[in-house]
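Once you've had a glance at the structure underneath, I'll fire off some questions.
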Amino acid sequence: MPVINHESRVYHTWVNGNEHFYYDGVREVVLRPGPKTVMTFNKEYQIAYNCLLHIQGGITRHEEEGTNVFDKYPTMTVFVDDSNITLERIKIPAGVALIELADLRSRYLKGLKSKDKSVRGYAAFFLAEVDVYSESNVLAIVTLLDQEDMWVRLMAANSLSRFGRKAETALPALKRGLQDGNERIRNRFRETIEKIEIAKDTIEAEQKHNQILKKISQFLKSHYKEKSESNTELKEKSAQKTVDTKKREPIYDPNADAGKQISDAIAKVKKENKHVLIVYGGNWCGWCYKLHDCFNQNADIRKLLKYEYELVMVDINANENLPKRFNAKPVGYPYLTVLDSEGKVLINQRTEPFEEGKAHDPKKVYAFLYKFKPKHLNAERVYRQALALAQKENKRVFLQFGAPWCGWCHRLEDFLAESQIAKIMAQDYILVKIDLDRMAGAEAIDKRIRKQGGGIPWHAILDAEGRVLITSDGPKGNIGYPVKPAEIAHFIHMIKETSRNITTEQICTVQEILSQQQKK
């Protein structure tokens, strides 16, 4: 690296007849699993190598949106292995941006959508080149097989052949191409099918590849922690030659158990009559940040999400196979999946249609979210169903009034949903919530049950006939979510006065848990 970046080094080359170009040092360093091999010019044998310096020039500089697939600046690729080039030996000079496969993948996925056919074709080629073990890359390239341009289709088919057995999901689309009227298409598709079907097992190589990828990811995390700069910031400095002092907090957690997060979200929306919105992407994805900003900065969208959805952000690099659970085939990020309150897929949606210039159009985003929001429940029907269930099971009704904007309402709901508390309360009560903002006729029930006005959350315990036995209106007014000692005392009083099966020991447990939360 010091030699390559030395100020005395000026590179000259011959391109397209007679062209010269120069550079002022490496701007980007790509870390990838290695080593790589290249065939000699006489095709006699292959050479293994660990470093590749790419300086773009000539015709590629004039490609429309060419920087989506071609390196915009001099780029050094280091192929990391366990022998010649180890991460411990790598030192990165100041001002150089570190790039990993996820960054390249994002660049090439964007290239697949280019209006320029050359960019689309080369994007498929490079997408296959960076990671032949990624099924997501296969699915992205398959979308080019049905395009009108013959060259793009040929490039896509050729790229798929490099994936071996990983490209088996592309076989149906390739076999459809065997009926094409163009002989070159038929021949290329047939060759690709044969290569996929006879490909050898690459499990061992894939495991080694993934192990090195994990090490690279850990190395990058450690590197940027030491430098106190994010990968995104450094790339922006490299491309723009400016220092952006605004730091972006990560919006995706690669260490999170995304599967569990989705399962928990489904359980929550089932109780609240909401839907789950899954947003696949990563902290390397600029458009993911743009959509996240659209979610948070537009008041109408922000309210719609709060009222109607449970949002789950899924890091796609850490959860590459998770979309299959919902029959999703992400092509470009961010990518959305909407689930209903039972966990059933309502739609898998690309976000490109929402784009307008350099951002997402809030009107298009809002229209999509509004279209797939849940239908609002009728409060009277919900209330009557709770009473009927209480009669059937010989229990009381724990009736609570709340709204999506109410933080204390959510704290009460979370408390009642805790496994230990839920198990205790279920012995004597049917828990039901009336959402004052999202249920038709909610205000009528509120006025009927609560004789005097007041804040929320407000709750009451009723018998199976609908008669009010006791309410959250204590000596000093509505206790809401009980935090203060007097509020906790009144909540415990409500349980003691109306429960029939809850033991004294269990009531003490409820009181203890509330007291512990008071200290937080």
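The values are calculated or read from the model by the stated rules, or taken from the named source; none is laboratory data. In this text the structure is predicted, and so the values were computed from the model without any measurement. Positions of Cβ are generated from backbone atoms using ideal geometry, with glycine treated the same way; all protein chains shown enter the neighbour counts.
Hey, Arg438 hits all of (1) part of a loop (DSSP other than H, G, I, E, B); (2) modelled with pLDDT of 95 or more but one; which does it fall short on?
Only one criterion is unmet by Arg438, namely (2).
Of all residues being surrounded by 20 or more Cβ atoms within 10 Å (Cβ to Cβ) and of a type in the set (D, E, K, R) in segment 285-341, which is nearest to the chain's Cα centre (by Cα)? Just the residue, please.
Asp315
Based on this model, can you work out whether Pro93 counts as modelled with pLDDT under 75, of a type outside the set (Phe, Trp, Tyr) and surrounded by fewer than 17 Cβ atoms within 10 Å (Cβ to Cβ)?
Considered against the rule, which asks whether it is modelled with pLDDT under 75, of a type outside the set (Phe, Trp, Tyr) and surrounded by fewer than 17 Cβ atoms within 10 Å (Cβ to Cβ), Pro93 comes out as yes.
Let me ask something else about it. Restricting attention to segment 95-140, which residues are assigned to a loop (DSSP other than H, G, I, E, B) and of a type in the set (A, V, I, L, M, F, W, C)?
Hits for segment 95-140 are Val96, Leu112, Val132.
Within the bounds of segment 449-463, is there any residue that is within 21 Å of Ile513 (Cα to Cα) and exposed (fewer than 14 other Cβ atoms within 10 Å of the Cβ)?
We begin by selecting, within segment 449-463, every residue within 21 Å of Ile513 (Cα to Cα); these are 457-461.
Keeping just the survivors that are exposed (fewer than 14 other Cβ atoms within 10 Å of the Cβ) gives none.
No; the residues of segment 449-463 include none that is within 21 Å of Ile513 (Cα to Cα) and exposed (fewer than 14 other Cβ atoms within 10 Å of the Cβ).
Identify the residue in segment 400-421 that is touching a Ser or Thr at 6+ places or on another chain (Cβ under 9 Å) and buried (at least 17 other Cβ atoms within 10 Å of the Cβ) and, among all such residues, is farthest from Thr471 (Cα to Cα).
We begin by selecting, within segment 400-421, every residue touching a Ser or Thr at 6+ places or on another chain (Cβ under 9 Å); these are 400, 420-421.
Retained after the next criterion (residues that are buried (at least 17 other Cβ atoms within 10 Å of the Cβ)): 400, 421.
On the way: Gln400: 10, Ile421: 19 Å.
Checking each candidate, the answer is Ile421.
Within segment 111-139, restricting attention to residues that are without any contact (Cβ under 8 Å) to a residue 40 or more places away in the chain and of a type in the set (Lys, Arg), which residue is surrounded by the fewest Cβ atoms within 10 Å (Cβ to Cβ)?
Among those residues, the one meeting the criterion is Lys117.
Can you go through Ile488, Ile424, Ile479 and tell me which one is in the same structural domain as Ser515 (by TED's automatic domain parsing), in contact with a Leu (Cβ under 9 Å, 6 or more places away or on another chain), crowded, with 18+ Cβ neighbours inside 10 Å and among the aliphatic types (A, V, I, L, M)?
It is Ile488.
Can you tell me which of (1) surrounded by fewer than 17 Cβ atoms within 10 Å (Cβ to Cβ); (2) in contact (Cβ under 8 Å) with a residue 40 or more places away in the chain; (3) over 23 Å from Leu31 (Cβ atoms) is the one Asp146 doesn't meet?
Going through the list (1) surrounded by fewer than 17 Cβ atoms within 10 Å (Cβ to Cβ); (2) in contact (Cβ under 8 Å) with a residue 40 or more places away in the chain; (3) over 23 Å from Leu31 (Cβ atoms), Asp146 breaks only (2).
A further question follows. Among the candidates His360, His376, single out the residue that is touching a residue at least 24 places away in the same chain (Cβ under 8 Å) and surrounded by fewer than 17 Cβ atoms within 10 Å (Cβ to Cβ). It would help to see each step written out before you state the result.
Values: His360 fails: surrounded by fewer than 17 Cβ atoms within 10 Å (Cβ to Cβ).
Answer to the selection: His376.
Could you grab me the full set of residues in segment 27-53 that are farther than 25 Å from Ala97 by Cβ and small (Gly, Ala, Ser)?
Residue satisfying the conditions is Ala48 alone.
Return the residue satisfying two criteria in turn: it lies in segment 441-482 and is basic (Lys, Arg) and assigned to a loop (DSSP other than H, G, I, E, B), and of such residues it is farthest from Tyr383 (Cα to Cα).
Filtering segment 441-482 down to residues basic (Lys, Arg) leaves 447-448, 450-451, 467, 476.
Pick out the ones that are also assigned to a loop (DSSP other than H, G, I, E, B) and you get 450-451, 467, 476.
Details: Arg450: 14, Lys451: 17, Arg467: 13, Lys476: 28 Å.
Looking at the filtered set, the residue picked out is Lys476.
Now a separate question. Can you list the strands (runs of 3 or more DSSP E) found entirely within segment 266-374 that contain at least 3 residues being within 20 Å of Asp253 (Cβ to Cβ)? Spell out how you get there, then give the answer.
On the way: elements: 275-281, 309-315, 335-339, 345-350.
Counting at least 3 such residues, we get 275-281, 309-315, 335-339.
Do you know which residues across segment 177-208 are closer than 24 Å to Asp131 by Cβ, in a helix (DSSP H, G or I) and either aliphatic (A, V, I, L, M) or assigned by TED's automatic domain parsing to the domain that holds Asp81 (or both)?
Hits for segment 177-208 are Ile193, Ile196, Ile198, Ile203, Ala205.
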